[in-house]
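Trainee: Sending over a structure as structure tokens; questions will come in a sec.
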Amino acid sequence: MKAVVMAGGKGTRLRPLTCDRPKPMVPVVNRPMLEHVIDLLKLHGFCDIFATLYYMPEVIQDYFGQGDRLGVSMHYAIEDTPLGTAGSVKACEHYLDSTFLVISGDALTDINLSEAVEFHKDKGAIATIVLTHVTSPLEYGVVITDDYGRITRFLEKPSWSEVFSDTVNTGIYVLEPEALRLFDAGVQFDFSKNLFPLILKKGLPLFGYVACGYWSDVGNIEQYRQTHYDILQGLAQVNIPGEEIARGIYIGTGTEIHPNTRLEAPIVIGDFCRIRRDAEIGSGTVIGHNNILNEGLSIKRSVLWDDSFFGKDTELRGAIVCSRASLKARSAVFEGSVIGSRSVVGAHSVIKPGVKIWPEKVIDAGTTITTSLVWGAKWSKRLFGTYGVSGLVNVELTPEIAAKLGAAYSSCFKERPQVVVSSDAYKPSRMVKRALTSGLLSGGAGVYDLGRMTTPVTRYAVTALGVTGGLHVRLSPYDPDIALIEFLDDKGMNIDKATERRIENAFFSEDFVRVCPDDIGEVAFLTRLIEEYLDCLLQTISVDLIRAKQFQVTVDYDPGNLSLLLPSFLSALGCSVSTSDRDNGADQGPRHLLDMLDSLSFLAKSVIVQQADLGIIVDSNAERLLLVDEKGNRVSDDLLIALMSLLVLKSQEGATVAVPVTASRIIEDMARSYRGRVVRTRANPRSVMEKAIEEKIFIGEKGLPGFQAPFDALFSLGKILETIARDGISLSELVSMVPEFYISKRSVKCPWEAKGKVMRTLIDETRTKKVELIDGIKVYHETGWALVLPDSEEPLFHIYSEASTPGEAEALREAYMNRINEIGLI
């Protein structure tokens, strides 16, 4: 038999689910609704299927094709203008030469169609309406039949005062070809409003078959969610994809689930998902294909479509998340809310119940959304953060976006730039680098590809090669799913704010320079850059002095990215190297911040056991150095800044040292002892580097390109080894030359909209005190100082305090944290 599927619906009441697809293509348990309908038709012998299309017809045609994959034959009739339900079916009239079935493509049912056809033929009907019972008939056509099943009365979408039955029209009809001959082609004609009243008026046999089984119109968001719950509870008999690994738990092909993930039936998880440790997938949840669910995530009674990212400790309750969305860490989406396709929800954001976020929206971190967001831009206003441009790989930072960034960067120069590009050793970074390169070449830039590098080596290459600038791609030190692109100027420093704005303007306006094919840039691949960097670096250090000491060094590092760099450097200094107990020479992948901090206790034990002179951890980018002295004591980050400042001050009388506003006040005390000078800078890499270059701090020795101690772990290590070798002291003795100090640090959440008020209020309240406004608000008290520093990327304030005792430092910090909370609530 033949069947006609009415699949032209827009699904307006289902928006934002249907903003980018017709209603029949909205997924239900990971398959389009229309596919469930076709499965039902095939089950009952309807293999010759005609689909009437109107809204976004190509989406349906591309997915189903000729129907071979589903074992049916598909044909399509596309309307240029809406002709009504009956008018659309009449377009197929010349194919319908015998009894046929009409069914809606955007409802879900398991009704026995064979029984409906048998009923129709037994009654000799010209048309049979398949009916069902519902609790609230207001949105449907209400029907009354006599004892023989003949329809005596019906009313389309009545009010409560007009309700005379709970038996309604399902939109499934069994028809004879004669029914379509009752009206002309090309006119708007509806089954319920026009054709069936006409059949009744003419006295032709119109019957109603009251069917058993499940039926859902899926007319709104609430029904959409409820339909999933019904399927999971076994109320609707449909094909659920995946393997049932336990009762009520369906898992797709290629999906990886951490062993300690908690799964509570019934649930459906699609193909090629990655669910990480400590996640909780509660009952009533359907997860689509290719989703990444991170540590600590909790989901209950929610529907997730395909290709989305969910950050650490994300919480979803009764929510719907469409395809290619990104929910950052600790965001929460509550009952009845919808996140549209390609939308981004920032970290610590809250989407309140019932809120609908339309596609391609960006919710800033820490935002609470209480009303639906329909209009707005696709992108947030800023690309750049503290260190460059960052984003979730293949979610926010895709090859397409990276190519646009490369084109935007290339367009910011009057003449065709020469640019170095590099990345760490990991696949996501290499992918982004190649895409950046394509964008650069499209703007006519010449590109030197340095291959696998670190940021310090790339900084060196920019100055050594005399190029216009550089781009380095690496994984974030805080999250392996995030890639970071660092943009460097012609001095190897992070670019200034003005250049950032030019890149952003070019990116958002897509005002790119597109050169003709003959002028497209070329790529040159440079080798031996690491060897040249090390040779130049070693010329700034007293190598012979260090080699004579034959230092025993215990190391923990990322061999995947530093195997060509760190071992060669230590070998050139004549150090005897052993690995920490934890490392054992194994490739543990990129060294992220928490991993480095966790390794410190292992490193300290190894230093003592191996009787080493010191222990070091170097991050995967060779920028950050963690030190442990020969006694197993850690040298904190703040202490390392003070220690490197001491080395600068000791290097020559009257030396100048540049440190951020967050550094300890004892640096000024040491400067007075050595007749030196301290320059305070903003707490970002560019500011510190500018001052270091301006003041020629550890720079320009022997006419060589500069090395930045705060941002080059190898240079810092070399200078420390040089000092303890020259002075004949241990690392602990060198550290003891820095006076004791106590710094306390914490962060406090604050809504974006309250940040300005907090800063204004604090400035007003501290007018009688000594205040510095270099970066944030630094207030001096009798016991010490406190710094309130607003975060440029998150809805946070960072609070730093220093005092003579730990207790005083913490009390000062707590006072400002409490005040910020008070102001934010006013």
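Trainee: Say whether the condition of being farther than 23 Å from GLU222 by Cα and modelled with pLDDT of 95 or more is met by at least one residue in the range 297-305.
Mentor: Pass one, the range 297-305, residues farther than 23 Å from GLU222 by Cα: 297.
Filter again for modelled with pLDDT of 95 or more, leaving 297.
Scanning the range 297-305, I find at least one residue that is farther than 23 Å from GLU222 by Cα and modelled with pLDDT of 95 or more, so the answer is yes.
Trainee: Can you find, within the range 1-54, the residue that is nearest to THR81 (Cα to Cα) among those that are among the hydroxyl-bearing types (Ser, Thr, Tyr) and not in a helix (DSSP H, G or I)?
Mentor: Keep residues of the range 1-54 that are among the hydroxyl-bearing types (Ser, Thr, Tyr), which gives 12, 18, 52, 54.
Right, trim to not in a helix (DSSP H, G or I) and you get 18, 52, 54.
On the way: THR18: 19, THR52: 12, TYR54: 8 Å.
Only one residue tops the list, namely TYR54.
Trainee: From the list ALA524, ALA548, pick out the single residue that is in contact with a strand residue (DSSP E or B) (Cβ under 6 Å, 6 or more places away or on another chain) and at pLDDT 95 or above. Give the derivation first.
Mentor: On the way: ALA548 fails: in contact with a strand residue (DSSP E or B) (Cβ under 6 Å, 6 or more places away or on another chain).
It is ALA524.
Trainee: A further question follows. With the condition kept exactly as written, say whether any residue in the range 629-638 is part of a helix (DSSP H, G or I) and either touching a residue at least 40 places away in the same chain (Cβ under 8 Å) or under 29 Å from SER429 (Cβ atoms) (or both).
Mentor: First pass over the range 629-638, keeping only residues part of a helix (DSSP H, G or I): 637-638.
Next, from what is left, pick out any that are either touching a residue at least 40 places away in the same chain (Cβ under 8 Å) or under 29 Å from SER429 (Cβ atoms) (or both): 637-638.
Yes, the range 629-638 contains a residue that is part of a helix (DSSP H, G or I) and either touching a residue at least 40 places away in the same chain (Cβ under 8 Å) or under 29 Å from SER429 (Cβ atoms) (or both).
Trainee: Any chance you could count how many residues in the range 537-556 are assigned to a helix (DSSP H, G or I) and open to solvent by 40 Å² or more (accessible area, probe 1.4 Å)?
Mentor: Within the range 537-556, the subset assigned to a helix (DSSP H, G or I) is 537-538, 543-549.
Next, only the ones that are open to solvent by 40 Å² or more (accessible area, probe 1.4 Å) stay: 544-545, 547-549.
Result for the range 537-556: 5.
Trainee: Return the pairs, sorted by first residue and then second, in which the second residue is assigned to a loop (DSSP other than H, G, I, E, B) and open to solvent by 60 Å² or more (accessible area, probe 1.4 Å), the first residue lies in the range 173-190 and is within 23 Å of ASP80 (Cβ to Cβ), the beta carbons are less than 8 Å apart, and the residues are 6+ apart or on different chains.
Mentor: Taking only residues 6 or more apart or on different chains, the pairs are GLN188/PRO82.
Trainee: Could I ask something else about it? Show me the strands (runs of 3 or more DSSP E) found entirely inside the range 61-142 where at least 1 residues are surrounded by fewer than 21 Cβ atoms within 10 Å (Cβ to Cβ), small (Gly, Ala, Ser) and in contact with a strand residue (DSSP E or B) (Cβ under 6 Å, 6 or more places away or on another chain).
Mentor: Answer list for the range 61-142: 73-78.
Trainee: Checking ALA658 against (1) within 40 Å of the chain's Cα centre (by Cα); (2) surrounded by fewer than 19 Cβ atoms within 10 Å (Cβ to Cβ); (3) not in a loop (DSSP other than H, G, I, E, B), which single condition isn't satisfied?
Mentor: (2)
Trainee: Residues that are touching a residue at least 12 places away in the same chain (Cβ under 8 Å) and hydroxyl-bearing (Ser, Thr, Tyr): find the strands (runs of 3 or more DSSP E) completely inside the range 743-826 holding 1 or more of those. Reasoning before the result, please.
Mentor: Values: elements: 777-780, 784-790, 796-803.
Strands (runs of 3 or more DSSP E) meeting the threshold: 796-803.
Trainee: To continue, here is another question. Among (1) closer than 30 Å to TRP358 by Cβ; (2) in contact with a Leu (Cβ under 6 Å, 6 or more places away or on another chain); (3) not basic (Lys, Arg), where does GLY84 come up short?
Mentor: All conditions pass for GLY84, except number (2).
Trainee: While we're on this one: Would you confirm whether or not the range 528-536 contains a residue that is open to solvent by 10 Å² or more (accessible area, probe 1.4 Å), part of a loop (DSSP other than H, G, I, E, B) and without any contact (Cβ under 8 Å) to a residue 60 or more places away in the chain?
Mentor: yes
Trainee: Scan the range 8-48 residue by residue and report those that are open to solvent by less than 10 Å² (accessible area, probe 1.4 Å) and among the hydroxyl-bearing types (Ser, Thr, Tyr).
Mentor: Result: THR18, single match.
Trainee: If you check GLU222 against the conditions, is it outside any loop (DSSP other than H, G, I, E, B), charged (D, E, K, R) and either at positive phi or without any contact (Cβ under 8 Å) to a residue 40 or more places away in the chain (or both)? Before you say what the answer is, go through the steps one by one.
Mentor: Values: outside any loop (DSSP other than H, G, I, E, B): yes; charged (D, E, K, R): yes; either at positive phi or without any contact (Cβ under 8 Å) to a residue 40 or more places away in the chain (or both): no.
Considered against the rule, which asks whether it is outside any loop (DSSP other than H, G, I, E, B), charged (D, E, K, R) and either at positive phi or without any contact (Cβ under 8 Å) to a residue 40 or more places away in the chain (or both), GLU222 comes out as no.
The values are calculated or read from the model by the stated rules, or taken from the named source; none is laboratory data. Computed from a prediction, not measured in an experiment: that's the story for all the values here. Neighbour counts run over all protein chains shown; Cβ positions are idealised from the backbone, glycine included. Note: areas computed on protein heavy atoms with side chains; ligands, DNA, RNA excluded. Shrake-Rupley method; radii C 1.70, N 1.55, O 1.52, S 1.80 Å.
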